[in-house]
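So the structure is just underneath, and the comments pick up after that.
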Amino acid sequence: MEQILSELQQARNRDASFDAILGSMCTVPHEIARKAYTMFIETNLGDHELFQGTKHLEEKAIEWVAQMLH
């Protein structure tokens, strides 16, 4: 595992850091977005029977976006 993490870190070190990016669509993720991602990282909407709560959130998000577009 250490070898994998080391290789991943080496690759990440080659990327620009957020404090050095100007005029890019990339930004540091908001804290709540990071927490939400961590909370749902193991869910899979491909199996909505097992992840009914996640499916419900997806439906709410689709409704919200649809309202903004109309």
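What tally of residues in the range 45-70 results from selecting those that are polar (S, T, N, Q) and at pLDDT below 95? Even if it seems obvious, please write down each step before you answer.
Applying the first criterion (polar (S, T, N, Q)) to the range 45-70 yields 52, 54, 67.
Retained after the next criterion (residues that are at pLDDT below 95): none.
Qualifying residue count for the region: 0.
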Residues satisfying the stated conditions in the range 10-25, i.e. at pLDDT below 80, exposed (fewer than 10 other Cβ atoms within 10 Å of the Cβ) and not in a helix (DSSP H, G or I): Ser17, Leu22, Gly23, Ser24, Met25
Among the residues of the range 34-41, is there at least one that is among the small types (Gly, Ala, Ser) and surrounded by 10 or more Cβ atoms within 10 Å (Cβ to Cβ)? yes
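Provide a single number: the residues in the range 26-46 that are out of contact with any Asp or Glu (no Cβ under 7 Å at 6 or more places or on another chain) and in a helix (DSSP H, G or I).
Going through the range 26-46 one residue at a time, the tally reaches 11.
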When you scan the range 47-56, do you find a residue that is assigned to a helix (DSSP H, G or I), among the acidic types (Asp, Glu) and loosely packed, with under 10 Cβ neighbours inside 10 Å, even just one? no
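The values are calculated or read from the model by the stated rules, or taken from the named source; none is laboratory data. Quick caveat: nothing in here was measured; it's all calculated off a predicted structure. Glycine gets a Cβ as well: all are built from the backbone with ideal geometry, and neighbour counts include every protein chain shown.
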